[in-house]
C-alpha cells in the first residue's frame, strides 16, 4: 500500500458522516432504554456489553473504509454530535428529559420507595452498597436518596436540613418554579 492510499477514503465523506450519526443516535437511544443505573453503576456484565457494542457498530460506521481520513471524519463527526447534543440538551429542557431522563427518588425520609427501585432495576442490596460507600449505614439517616439522570445516587442526610432545602430550591429554580434569590430587586 502506498502512502497516499492510506489517506484516500473508499467512501464519500458524507456517507461516513451519515453512518456515524445513525450509529451515534442508535447507541444513545439503546443506552437510554437500558436505564440510568446501567451507565452510572456499571457492573462487569454491562461493561462487557458496552465493549462489545462498540466493536459491533464499528463496521457499521466505517463501512469497510480503513483510511486515516475516514477515521478522522468519523471521530470528528462523533465529537461534533456529542457537542451538539450537550448544547441542545442544555438549551431545551424537553430534549434533556428525553435524552437523559429524570431523576428518581429512591428513599424519602428514611423510607425505601420499593416501586421506584423496581422500576430502575435496582435491588435493596445494591442501594445499600451505594449508601455505605457514602458513609451511610442506616436508612433512618437519609432524608432523600435520588438516582440522578447520569446514574449516580445523590444522598441528602437528615442531619443536613439546610443542604436539603438549598438543593430542593435550586432544582425548583432550574425548572422555573421558583424565582431566584433577590429576583424582585429586594436585597433585604
Check: Within the range 127-143, can one find any residue that is in contact with a helix residue (DSSP H, G or I) (Cβ under 6 Å, 6 or more places away or on another chain) and either more than 30 Å from residue 8 (Cα to Cα) or modelled with pLDDT of 90 or more (or both)?
Finding: yes
Check: Across the range 99-126, which residue is nearest to residue 138 (Cα to Cα) among those that are in contact (Cβ under 8 Å) with a residue 40 or more places away in the chain and out of contact with any strand residue (DSSP E or B) (no Cβ under 9 Å at 6 or more places or on another chain)?
Finding: 126
Note to self: Please go through (1) under 25 Å from residue 29 (Cβ atoms); (2) in contact with a helix residue (DSSP H, G or I) (Cβ under 9 Å, 6 or more places away or on another chain); (3) assigned by TED's automatic domain parsing to the domain that holds residue 12 for residue 68 and return the number of the only condition it doesn't satisfy.
What the structure shows: (1)
Next item on the list: Say whether the condition of being touching a helix residue (DSSP H, G or I) at 6+ places or on another chain (Cβ under 7 Å), loosely packed, with under 15 Cβ neighbours inside 10 Å, modelled with pLDDT of 90 or more and assigned to a loop (DSSP other than H, G, I, E, B) is met by at least one residue in the range 150-170.
Entry: no
Notebook entry, point to check: So which of 51, 31, 81 is farther than 24 Å from residue 154 by Cα and surrounded by 12 or more Cβ atoms within 10 Å (Cβ to Cβ)?
Noted result: 81
Next item on the list: Test each condition in (1) at pLDDT below 90; (2) under 25 Å from residue 17 (Cα atoms) for residue 40 and report the one that comes out false.
Entry: (2)
Check: Quick check: anything in the range 37-51 touching a residue at least 12 places away in the same chain (Cβ under 8 Å), assigned to a helix (DSSP H, G or I), touching a strand residue (DSSP E or B) at 6+ places or on another chain (Cβ under 9 Å) and closer than 23 Å to residue 126 by Cα?
Finding: yes
Note to self: Here is a list: 118, 86, 49. Which entry is within 20 Å of residue 151 (Cα to Cα) and in the same structural domain as residue 157 (by TED's automatic domain parsing)?
What the structure shows: 118
Margin query: Criterion first (in a helix (DSSP H, G or I) and in contact with a helix residue (DSSP H, G or I) (Cβ under 8 Å, 6 or more places away or on another chain)) does residue 121 satisfy it?
Written below: no
Checklist line | Odd one out for residue 136 among (1) in contact (Cβ under 8 Å) with a residue 40 or more places away in the chain; (2) under 18 Å from residue 156 (Cβ atoms); (3) assigned to a loop (DSSP other than H, G, I, E, B) | finding: (1)
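The values are calculated or read from the model by the stated rules, or taken from the named source; none is laboratory data. Since the model is a prediction, treat every value here as computed from it, not as a measurement. FYI the Cβ positions are ideal-geometry reconstructions off the backbone, even for glycines, and counts take in every protein chain you see.
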